[in-house]
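Below: the structure, in structure tokens.
No lab work stands behind these numbers, since they all come straight from the coordinates. From a predicted model like this one, the values you see are computed outputs, not experimental measurements. Cβ placement follows ideal geometry from the backbone for every residue including glycine, while neighbour counts extend to all protein chains displayed.
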Amino acid sequence: MLTVSNKEFWFVVGSQNLYGDEALKEVLSHAKVMADTLNDSGQFKYPIVLKELATSSDGITQIMKEANYDDNVAGIITWMHTFSPAKMWIRGTQLLTKPLLHLATQFNESIPWETIDMDFMNLNQSAHGDREYGYINARLKKNNEIVVGYWKHEDVQAQIARWMDIAVAYNEGFNIKVARFGDNMRNVAVTDGDKIEAQIKFGWYVDYFGIGDLVAEVNQVEASEVDALFETYKDLYDFDYGNYEPRVWEHHVKVQVSYEIALKRFLEKGGYTAFSTNFEDLYGMEQLPGLAVQRLMAQGYGFAGEGDWKTAALDRFMKIASHNKETGFMEDYTYELAVGKEAILQSHMLEVDPTFSSNKPRIVVSPLGIGNKADPARLVFDGGEGEGIAVTVADFGNNFKVIVNEIEAIKPDTPAPNLPVARVLWKPKPGFTQGVKEWIRVGGGHHTVASLHVTVEQIEWWANLCNVEVVVIR
């Protein structure tokens, strides 16, 4: 399973020296309670590390410099306990390259009307400090996010946690390396794009390899390795022999097993976390990789078919943000247009992500009808149900667009005994007609990454960090 290196978030609390040592001691005490309580809440997958109080320009600048060069730091969370003059924050904020979250909260939930006095007012000035601090971030065009509410409330903590996931994924975006086996599918427009600009905007690094480079790796796989991995499949999947003799069926499956081993080995050697293949470029391959690709997607690798490197990288990004839960490459195939049942069937030739599976997948061998290769093995299953999003990245020549559509995934209620591929069914929002029409109108492609865990808000946060236009169909 692909994992993300250890990450943490620094908690930087703003104040100033004019309040005196006693006041600053109380500010620090409150900050420690907040950091400890948040870490103990169980809401966060990444630790929150309290830094020294931010009371001077030099101190703030030093914190931001250290954050930039510490690979473990995924972002900065700031809280203005009191009034913190914003000129102190200018240089450090200018230098900061990590995601920034302004937590607009205060230590106490309610105003203590019976005891409140000027000492309390002077010390608890978050509402005052938030405006001063927010102004300088806006003036610096920092593209930071703001979470507002009481820090102990679960909804506030959940929003912080969702932002953390995007901050981690954003940082990891600069480590996403895509291996393209072959070029884009010939004559297809939407899967092409500017790789240099994508690296500048998103951090994605894309390399081309001839299919012969993969074939050479496949030829190095030992039969004993294939047999050992094949044995593990018996507990994970149902074996559907169909009309094939068991010996022939197992040969077709073991070809995919060898592809899985070779692909993973190739990707690990080069540090690649995403990849694409192309059915038009299979010289030396017995089959188009299908089951092998699905297995790697289940392990967290990003993928897209037909050389679509943008969607492959986006897939890896969203898998990081979702912790690889019900997130993966998808393709619009065919419509259900019966009144009251309108939906879009999502599938692909072979490579539907198993993280969507609502039932135990079965391994099926069947002709592909494209690519002129031997019958490939694949996992067949039905997707689950739930609220989610479909996302694509489109290159419009002078800019990228991140296009998002909210969806409702539904479980198919009719068997499809002759369909030898996995299927996911969903309804686009706000309704079928408007959702489809607007997706087409703004230039959304047929390849997407769907997720039942990543939210529209998170994608908007990410696009904001990347300074890329985002279009949300509503």
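Can you sort Trp10, Trp79, Trp204 by how many other beta carbons sit within 10 Å, fewest first?
On the way: Trp10 21, Trp79 28, Trp204 25.
Lowest to highest Cβ neighbour count: Trp10, Trp204, Trp79.
Calculate the translational D of segment 21-79 in whole µm² s⁻¹ from Stokes-Einstein, where the hydrodynamic radius comes from the Kirkwood formula applied to all Cα pairs, the temperature is 37 °C and the viscosity 0.692 mPa s. Don't skip to the answer; put the middle values down first.
On the way: Rh = 12.8 Å.
The Stokes-Einstein estimate is 256 µm²/s.
Let me know the charge dipole size of segment 177-473 about its Cα centre in debye, to the nearest 20, where only the beta-carbon of Lys, Arg (+1) and Asp, Glu (-1) is charged. Provide the component values of the computation, followed by the final result.
On the way: 28 positive and 43 negative charges, 50 e Å.
Computed charge dipole of segment 177-473: roughly 240 debye.
Order these by the 10 Å Cβ neighbour count, fewest first: Phe174, Phe275, Phe356, Phe209.
Phe174, Phe209, Phe356, Phe275
At 10 °C and 1.306 mPa s, grab the translational diffusion coefficient of segment 8-173 from Stokes-Einstein with a Kirkwood Rh over Cα pairs, rounded to a whole number in µm² per second.
The estimated diffusion coefficient comes to 99 µm²/s.
If you take the beta carbon distance between Thr37 and Asn467 as r and set R0 to 41 Å, what does 1/(1 + (r/R0)^6) give as a FRET efficiency, to the nearest 0.05? Each step should come with its number before you reach the end.
Values: r = 34 Å, r/R0 = 0.84.
Rounded to the nearest 0.05, the efficiency is 0.75.
Can you check how the C-alpha radius of gyration of segment 185-320 compares to 2.2 N^0.38 Å, as a plain ratio? Walk me through the numbers on the way to the answer.
Numbers: Rg = 16.0 Å, N = 136, 2.2 N^0.38 = 14.2 Å.
Normalised Cα radius of gyration, segment 185-320: 1.12.
What number do you get for segment 113-170 when its Cα radius of gyration is normalised by 2.2 N^0.38 Å, N = residues? Please report the intermediate quantities before stating the final value.
Numbers: Rg = 15.1 Å, N = 58, 2.2 N^0.38 = 10.3 Å.
That ratio works out to 1.47.
Nearest 0.05, what FRET efficiency do Glu280 and Asp235 give at R0 = 51 Å with Cβ-Cβ as r?
E between Glu280 and Asp235, to the nearest 0.05, is 0.90.
Where in segment 75-111 does the label zone of Leu18 land, with the point 7 angstrom along Cα→C-beta and an amide N cut-off under 17 Å?
Counting backbone N atoms under 17 Å from the label point, the list is 80-90.
As a test of the formula, what do you get for the chain when each DSSP H run with n ≥ 4 contributes -39,500 (n - 2.57) and the sum is divided by the residue count, at 222 nm and rounded to the nearest 500 deg cm²/dmol? Write out the running numbers ahead of the final one.
On the way: 14 runs with 177 residues, N = 474.
Rounded to the nearest 500, it is -12000 deg cm²/dmol.
How much FRET efficiency would the formula 1/(1 + (r/R0)^6) give for Phe209 and Arg91, where r is the Cβ-Cβ distance and R0 is 35 Å, rounded to 0.05?
Taking R0 as 35 Å, the efficiency between Phe209 and Arg91 is 0.20.
Could you tell me which of the pairs Lys98/Lys325; Lys45/Lys254; Lys25/Lys152; Lys411/Lys437; Lys401/Lys429 are separated by over 29 angstrom between their Cα atoms in the structure shown?
Lys45/Lys254
Using the Cα centre of segment 8-173 as the reference point, and only Cβ charges (+1 on K/R, -1 on D/E), how large is the resulting charge dipole? Debye, rounded to the nearest 20. Display every interim value, and only then the final one.
Values: 14 positive and 22 negative charges, 149 e Å.
Once rounded to the nearest 20, the dipole reads 720 debye.
Along the charge dipole of the chain, Cβ charges K/R +1 and D/E -1, which of Leu465, Thr327, Val391 sits furthest on the positive end?
Toward the positive end, the furthest listed residue is Leu465.
Can you tell me the 0 to 90 degree angle between the C-alpha axis of helix 309-322 and the longest principal axis of the chain, rounded to 10?
Roughly 50 degrees between the two axes.
Taking every pair of alpha-carbon atoms in the chain, what share in percent sits in each 10 Å bin, from 0 to the bin with the longest distance?
4, 19, 26, 22, 15, 9, 4, 1, 0
Any chance you could run the full-extension gain for Ile200 through His323? It's 0.36 nm times the residue separation minus the Cα-Cα distance, nm to one decimal.
Full extension from Ile200 to His323 adds 41.8 nm.
List Glu406, Glu22 from most exposed to least, where exposure is judged by having the fewest other Cβ atoms within 10 Å.
Numbers: Glu406 19, Glu22 9.
Least to most surrounded, the residues fall as Glu22, Glu406.
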